[in-house]
Amino acid sequence: MTQSIDFVYDFCSPNAFLAHKMLPDLAARHSTKIKYVPVLLPAVFKATHNQSPFQAFSENRQKTSYLTHDLHRFARRRGLSFHMSPHFPINTKFAMRGAHFASGKSWENKYVNAVFDAIWVHGQKADELAVLTDILQENELPVRKLREAMTSPDIKQELKDQTKAFVRRGVFGVPSLFAGSEMFFGKNSLPNLEIELSKNKETD
């Protein structure tokens, strides 16, 4: 049976972006499928009484400086393009509704890559519908359908429900990754996820 990884993410997270960039090679090494699971990180934080490290340590300039340095170091040592968004923290509710609508469609990966890169490589202000529209057009994505989804009350509610479901499953932040019932949090947990996939492969 082919293994799968549930990748729980929000475009607003630089750590989710970096994990996203690492996942395809990891999944290929283990013949594993990636299922992208969009959630609303602010709602996750509210439900779990959590907050981002940049917010938690906002008054500690040494800590936040280190966190930013560590993101760039992680990317540089793995040959990844990354720039801290000049608009951070960014509101990604419209982009995440688009991600929910894209789930399972043939162009889902194209959409996810386009939005992640727009924010964390090109520094675009992707919390604005006009900017998102430009991103969709540049990447030849279905603009009209995605724009409708981004303002759809039904999609909005479905994304809220999915967020609550994964909070119940144990998610308190992103990126969170599931291999079966095992959850792994953060980009630095990818080596442990890989060990889990190897172990599961041996017992198949």
Practice problem: Identify, from the list 110, 145, the residue that is in contact with a Phe, Trp or Tyr (Cβ under 9 Å, 6 or more places away or on another chain) and more than 26 Å from residue 45 (Cα to Cα). | Solution: 145
Self-check item: Residues that are closer than 30 Å to residue 73 by Cβ and polar (S, T, N, Q), drawn from segment 133-187
Solution: 139, 176
Quiz item: With 126, 75, 130 as the choices, which residue is open to solvent by less than 40 Å² (accessible area, probe 1.4 Å), over 24 Å from residue 184 (Cβ atoms) and of a type in the set (A, V, I, L, M, F, W, C)?
Solution: 126
Quiz item: among the aromatic types (Phe, Trp, Tyr), at pLDDT below 95 and either under 18 Å from the mean Cα position of the chain (by Cα) or farther than 18 Å from residue 173 by Cα (or both), is that true of residue 54?
Solution: yes
Quiz prompt | Residue ID - surrounded by the most Cβ atoms within 10 Å (Cβ to Cβ), chosen from residues in segment 189-202 that are of a type outside the set (A, V, I, L, M) and touching a residue at least 12 places away in the same chain (Cβ under 8 Å) | solution = 196
Practice problem: Would you check if residue 94 is assigned to a helix (DSSP H, G or I), at pLDDT 95 or above, more than 27 Å from residue 191 (Cα to Cα) and not basic (Lys, Arg)? | Solution: yes
Quiz prompt | Condition broken by residue 180, with the remaining ones in (1) open to solvent by less than 80 Å² (accessible area, probe 1.4 Å); (2) at pLDDT 95 or above satisfied | solution = (2)
Quiz prompt | Whichever residue in segment 83-119 is basic (Lys, Arg) and open to solvent by 60 Å² or more (accessible area, probe 1.4 Å) and, among such residues, is farthest from residue 156 (Cα to Cα) | solution = 110
Practice problem: Determine, yes or no, whether residue 66 is closer than 27 Å to residue 200 by Cα and either at pLDDT 95 or above or open to solvent by less than 20 Å² (accessible area, probe 1.4 Å) (or both). | Solution: no
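The values are calculated or read from the model by the stated rules, or taken from the named source; none is laboratory data. The shown structure was predicted, so the numbers you read here are calculated from the model rather than taken from an experiment. Ideal geometry is used to build each Cβ from the backbone, glycine not excepted, and the neighbour counts take in all protein chains shown. Note: accessible area is taken over every heavy atom of the protein model, side chains too, but ligands, DNA and RNA are not part of it. Shrake-Rupley method; radii C 1.70, N 1.55, O 1.52, S 1.80 Å.
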